[in-house]
Amino acid sequence: MTFDVEIVRWHAVASWTWNAGDDVCGICRMPFDGCPPDGKYPGDDSPVVWGVCGHAFHLQCIQKWLQSQAQTDQRCPFCRRAWEFKAAAPSS
Amino acid sequence: MAQFPGRSPTSVAMRRIQAELNEWLLHPPEGCRLESFEPLLNWVILVQGPENSPAPGLPRLYDGELFRLAINFGDHYPLEPPEVLFVPPSPVHPHIYSNGHICLDILYDGRNGGWSPALTVNKIALSLRSMLASNTNKARPAGDMDYCQRTRGRSPKQTNWEFDDDKV
């Protein structure tokens, strides 16, 4: 026995998360899935970036920290290694 | 902000301090109690002298003592460290002056400073307690009286610290 079903309305729900390994940004201590305190929307408007050392922060947050430091002394807040942006987010 | 006369903390600072308060209330560091967080920019923490001795056979230098630690957040926290000092009477320690100023690199930014925005009040309190726990020489820093006179009414953040003594 078969049914012919016509889909009248379809409501999709998806969930997403940053693959950052930690729940909160170490600088603002807000969740990565939310936005930093001066961001309006989570997601692409509040991107998460990685350093080559592997530590992640909101882009806005790490930029403010680096700007407050001497040009010659830009370090990761967690491991204090020289800060360098990783080219792209790691995929898993 | 009307709440803090003469001050204008950034929204980043306010939300971060609030987040730290929530974390503290859920998981306070051992031997520490938050005595006051009103106004939110000025915390007072009760710190119990560590009950253990630095090594078997050595005296317990601060057992039974209780200290008050003042944390004053700046408008640009956590890009700048909070002002951290003991409310006199401060613990007798080679890196703590009688006016409460503490010689510890993570509390300061600038040339020699070791402040990082990844540090929290929780971690600062733990560091200070372990600084007490590992001490074997219950004495004031050299030049304590002189330092306290020179820095009267000034924040410890204005002192040009040298952090060259890793032994104590």
Relative packing of peptides B:126-136, B:99-109, B:142-152 - highest average C-beta neighbours within 10 Å first: B:99-109, B:126-136, B:142-152
- line: Carbon plus sulfur, as percent of the 1.4 Å-probe accessible area of region B:12-152, comes to 53
field: Chain lengthening between A:Trp10 and A:Ser68 when straightened (0.36 nm per residue, less Cα-Cα)
entry: 16.0 nm
- request: For B:Lys138, list the lysines whose Cα falls under 17 Å from its own Cα; do not include residues on the same chain fewer than 8 positions away.
  value: B:Lys167
Environment charge at B:Phe73 (Cβ cut-off 11 Å; Lys +1, Arg +1, Asp -1, Glu -1): -2
- request: Step through the residues of region B:58-68 one at a time and calculate ³J(HN,Hα) from phi using the Karplus curve (6.51 cos²θ - 1.76 cosθ + 1.60, θ = phi - 60°), rounding each to whole Hz and writing x for Gly and Pro.
  value: 8, x, 8, 6, 10, 4, x, 8, 10, 10, 10
query: Within straight cross-link reach of A:Lys86, meaning Cα distance under 23 Å, which lysines are found once same-chain residues fewer than 8 apart are removed?
result: A:Lys64
- prompt: Across region A:21-87, how large is the tail of the calculated P(r) beyond 15 Å, expressed as a percent of all Cα pairs?
  reply: 47
task: Note down the magnitude of the dipole of region B:12-152 about its Cα centre, charges +1 on Lys and Arg C-beta and -1 on Asp and Glu C-beta and zero elsewhere, to the nearest 20 debye.
output: 200
field: Other protein chain Cβ atoms within 10 Å, averaged over every residue that makes up B:39-47
entry: 0
- prompt: Along the principal axes of its C-alpha atoms, what lengths does region B:12-152 span, in descending order and rounded to whole Å?
  reply: 45, 36, 24
statement: With +1 on the Cβ of every Lys and Arg and -1 on the Cβ of every Asp and Glu, the dipole magnitude of chain A about its Cα centre, in debye rounded to the nearest 20, is 480
Buried accessible area, chains B and A (both chains, 1.4 Å probe, Å² to nearest 100): 1400
message: With a cut-off of 8 Å between alpha carbons and a minimum separation of six or more residues, what is the relative contact order of region B:12-152 in percent?
response: 22
- request: Would you compute, from DSSP H runs of 4+ residues alone, the mean residue ellipticity of chain B at 222 nm, taking -39500 (n - 2.57) per run and dividing by the full residue count, rounded to the nearest 500?
  value: -6500 deg cm²/dmol
- line: Taking alpha-carbon centroids only, region B:8-65 lies from region B:87-123 a number of Å equal to 13
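The values are calculated or read from the model by the stated rules, or taken from the named source; none is laboratory data. All values derive from a computational prediction rather than experimental measurement. So basically every Cβ, Gly included, is an ideal-geometry build from the backbone, and we count neighbours across all protein chains shown. Ligands, DNA and RNA are excluded from the accessible area calculation, which covers all protein heavy atoms including side chains. Shrake-Rupley method; radii C 1.70, N 1.55, O 1.52, S 1.80 Å.
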